[in-house]
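So the structure is just underneath, and the comments pick up after that.
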Amino acid sequence: MPEPLPSPTRGTVHPTKTATQQLAGLALSVADDPAAREPARDAVVDWYGATVAGRMMSASQIAARAPFLDEPGRARLIPDGRPASVRTAALLNGLFSHEAEMDDIYREGLYHPGSPTVAAALAVAEGLDASGAALLAAVAGGYEVGCRVAETVNPAHYRYWHTTGTVGTLGSAAAAGLLLGLDEDRLAHALAVATSMAAGLQQAFRSGSMSKPLHAGHAAEAGVVAAGLASEGYRGTPEVLDGDLGFGVAMSDGPSWAGLADAAARPPAVSQVTVKPHACCGHTFAAVDAALDLRAQGLDARRIRSVEVDTYQVAIDVAGGRSVDTAGEAKFSVGYCVGAALSLGTVGMDAFDQRHLDDPALRWFAANTALAADPQMDATFPGRRQARVVVVDDDGREWRAERATRRGDPDSPLSPEERRTKFDGMVVPVLGTEAAARLHEALSGLADLERVVQIPLGTTGVDHG
């Protein structure tokens with residue numbers, strides 16, 4: 001039998017510790033930070049909206065019918081409240097939340113922190129009958145861990161790996177571990193164990209696969225498992241992130257982890273996320289925003305001769321798709337999304353319904369929009385996501401618009417009214433106006449909610465198979 005784990009007092013980030021140990025201390029610190037509570041609540045509200053919308057999509061319907069994922073438990077599936085085990089709720093709610101492409105982004109880390117982190121935290125909180133305040137503390141700590149790892153290993157990690165699936169395991173483990181009351185040592189072991197389950201390949205979303213949202217769900221479930229194991233004394237490898245054969249070397253370019261020592265002095269990561277205003281890949285957003293600017297200037301999408309988008313290379317690599325036969329493909333097509341912005345004036349959920357996917361005008365944009373990498377825009381990536389849209393109309397007039405950042409980024413945030421409009425747009429079509437209002441009210445008061453299971457979920461028309 002292994003020796004019992006020591007139970008040291010809660011510590012702080014220290015440069016002589018391994019990366020997992022530093023991150024554990026950071027998670028505990030941020031979980032106690034009052035400045036993180038309100039942004040954590042906002043993140044949970046946004047996550048619920050994305051999850052409700054994502055649950056109604058075809059891939060989510062398939063996943064919810066899968067064998068062996070139907071065992072009941074103390075956690076619940078969103079939005080109807082179907083009972084589920086903690087592991088299944090983390091897996092499926094994590095998948096649902098990433099399906100609609102409306103979940104939040106940590107720009108510097110090329111990472112969607114909410115989809116795995118909140119899914120794991122909520123499942124564990126329901127399983128433990130925890131309070132809303134405990135959930136928010138766990139979410140804040142989980143975001144901190146995931147976002148700091150993501151920015152450390154990227155952009156090199158993103159060449160082959162989907163950060164949400166890989167790093168998401170650590171953010172989820174941190175959130176779950178905080179709810180389980182792990183001390184710094186056990187929490188570090190939870191992070192180390194979670195790292196061994198990190199997975200998610202870029203190739204999975206370079207075509208019409210359904211695997212991308214599964215990365216988020218798997219990360220949430222893996223984090224729950226890792227934290228549960230660590231709570232009983234299961235040990236990971238302390239140097240699994242920063243060791244000679246560790247995550248940083250194997251899945252990035254051997255980055256320096258020295259920045260973790262300074263992370264505690266920065267604003268909580270959960271307060272620095274991008275809230276998505278458009279229902280598509282975030283790499284399209286700067287171009288979409290520029291296209292919306294052109295439409296506002298009076299450009300008629302029916303009278304366009306040519307379109308060129310200059311942006312950073314990763315946007316072209318990830319979202320340069322020409323095939324738009326499915327919503328999943330269209331969400332990763334800069335051309336289609338720019339065309340939707342110019343033609344429809346919005347790139348919301350409806351822009352990817354079958355009627356629009358079959359529209360010859362929108363398909364023309366997908367096939368004919370020229371994409372070019374701009375070296376100056378590459379130089380500011382990932383900290384800035386820029387794009388320039390140049391359109392020539394049928395009269396030969398040139399229209400130009402450029403965006404130096406994306407709407408919804410921390411330096412161009414959505415207003416509270418815009419966030420509420422986004423929530424209602426995702427939830428009302430599924431739950432109805434009254435139920436959506438009740439859900440939003442409960443989530444807005446999470447800090448004072450005695451039991452997370454009091455969050456109202458109701459019967460919907462979802463297909464359970």
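Read-outs throughout are calculated quantities, based only on the coordinates presented, and are distinct from any laboratory measurement. The shown structure was predicted, so the numbers you read here are calculated from the model rather than taken from an experiment. Positions of Cβ are generated from backbone atoms using ideal geometry, with glycine treated the same way; all protein chains shown enter the neighbour counts.
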Excluding Ser196 itself, what net charge comes from residues whose Cβ is under 13 Å from its Cβ, given Lys and Arg +1 and Asp and Glu -1?
0
Once Ala66 and Glu417 are pulled to full extension, the length gained, defined as 0.36 nm per residue separation minus their Cα-Cα distance, is 122.6 nm
Simple SL model, points at 7 angstrom along Cα→Cβ for Ser444 and Tyr160; separation in nm is 4.8
Given Cα positions, please report Rg to Rh for the range 24-98, the hydrodynamic radius being the Kirkwood one.
1.08
For the range 338-465, list log₁₀ I(q)/I(0) at each q in 0.10, 0.13, 0.21, 0.23 Å⁻¹, using the Debye formula over Cα point scatterers of equal strength and ignoring solvent, two decimals each.
-0.56, -0.85, -1.29, -1.38
Other-chain or far-sequence residues with amide H under 5 Å of Leu371's (modelled H):
Val309
Please give me the summed charge of the neighbours of Gly114: other residues whose Cβ is under 11 Å from its Cβ, Lys and Arg +1, Asp and Glu -1.
-3
Across bins of 10 angstrom width beginning at 0, how are the C-alpha pair distances of the range 75-127 distributed, in whole percent?
28, 51, 19, 3
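Please compute the net charge surrounding Ser271, taking Lys and Arg as +1 and Asp and Glu as -1 over other residues with Cβ under 12 Å from its Cβ.
-2
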Rg and Dmax [Cα atoms of the range 19-272; Å; Rg one decimal, Dmax integer]:
16.1, 47
Bin all alpha-carbon pair distances of the range 243-325 at 10 Å intervals from 0 and give each bin's fraction as a whole percent.
12, 25, 31, 18, 11, 3
Which number do you get for Rg(Cα) / (2.2 N^0.38 Å) in the range 282-403?
0.96
For the chain, place one equal point scatterer on every Cα, skip the solvent, and apply the Debye formula. What is log10 of I(q)/I(0) at q = 0.08 Å⁻¹?
-0.43
Please sort 218-231, 138-151 by packing, taking for each peptide the average over its residues of neighbouring beta carbons within 10 angstrom, highest first.
138-151, 218-231
Ellipticity estimate at 222 nm from DSSP helix runs (n ≥ 4, -39,500 (n - 2.57)) divided over the chain, nearest 500
-14500 deg cm²/dmol
Output the Cα-based Rg and Dmax of the range 86-228 in Å, rounding Rg to one decimal and Dmax to a whole number.
13.4, 43
Of the candidates His356, Ser231, Pro79, the farthest towards the positive dipole end of the chain (Lys/Arg Cβ +1, Asp/Glu Cβ -1, centred on the Cα centre) is His356
